[in-house]
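All remarks here apply to the structure that follows.
The values are calculated or read from the model by the stated rules, or taken from the named source; none is laboratory data. Please read these numbers as outputs of a predicted model, since none were measured by experiment. Backbone-built Cβ (ideal geometry, glycine too); neighbour counts: all protein chains shown.
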């Protein structure tokens, strides 16, 4: 059982760990944000997928005495179609399971898991400080070997073709991570001047503050562009795979998604260390 209640970029950096577990032929129960289930490549589809953000999942961390282990068992559900009930599934699954949690050590929870029959509990540091890359640190904490050339390897199936668009994502989860909008504008102006293809600018829920200034700056520079917003992670992945020829963005989940899907990328790092947090795949990072 892998507990990974992080954001998009964190989730994608966990794929090598999931692949390592699958290579050992182990059945996999994955707890994560439900919108990420559809992003998993076929070979990493877990036997069971749980919504790590739901109220039922929160019962696992409840201080009450073992409430999560008292529910009757229920049938395994298709992870692509339905998120299953956590307490109902844990009772029959935890005995003899290995529990890997991206969480700081929690002695009370570990004691409950041990009483429920877990044969192994591992705490994986969710925010490694470096200098080792986060994906390598996750594998190390899980006791798994690192594949060769992992940092340059896209984590999704190869694309059947290559799109024509320059894809810009000037936002991120934190304004502190934003590179100046002028850099994105210069890229767009050069791309348009060379007639390389269309330009797409995307925004997520956390990008409200940067949306207006970015669109205004592009318009003032005479750039013709289209806007992509309100997309689910699965929709965003499909469009990046089908439309993007080149991607530019900050340290964000969208940047991780582009690189994971084999889109050549230029990424800007301001306050985070690219040696630790750069996406996996063919990207170049600048500070």
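Structural remarks
- Enumerated strands (runs of 3 or more DSSP E) restricted to the stretch 148-263, each holding at least 2 residues that are touching a helix residue (DSSP H, G or I) at 6+ places or on another chain (Cβ under 6 Å): 165-169, 199-203, 244-250
- Any hit, the stretch 144-153, residues being surrounded by fewer than 12 Cβ atoms within 10 Å (Cβ to Cβ), modelled with pLDDT of 90 or more and within 15 Å of residue 21 (Cβ to Cβ): yes
Yes/no per residue for (1) in contact with a helix residue (DSSP H, G or I) (Cβ under 6 Å, 6 or more places away or on another chain); (2) modelled with pLDDT of 80 or more; (3) assigned to a loop (DSSP other than H, G, I, E, B):
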{"position": "58", "(1), (2), (3)": "no, no, no"}
{"position": "88", "(1), (2), (3)": "no, no, no"}
{"position": "103", "(1), (2), (3)": "no, yes, yes"}
{"position": "141", "(1), (2), (3)": "no, yes, no"}
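- Selection from the stretch 157-171 of residues that are at pLDDT 95 or above and either more than 30 Å from residue 194 (Cβ to Cβ) or buried (at least 17 other Cβ atoms within 10 Å of the Cβ) (or both): 165, 166, 167, 168, 169, 170, 171
- From 117, 130, residue being at positive phi, in a loop (DSSP other than H, G, I, E, B) and without any contact (Cβ under 8 Å) to a residue 60 or more places away in the chain: 117
- The condition of being touching a residue at least 24 places away in the same chain (Cβ under 8 Å), more than 21 Å from residue 176 (Cα to Cα) and not assigned by TED's automatic domain parsing to the domain that holds residue 146 holds for only one of 248, 260, that being 260.
- Positions within the stretch 185-204 being more than 19 Å from residue 163 (Cα to Cα) and either surrounded by 16 or more Cβ atoms within 10 Å (Cβ to Cβ) or touching a strand residue (DSSP E or B) at 6+ places or on another chain (Cβ under 9 Å) (or both), in sequence order: 185, 203, 204
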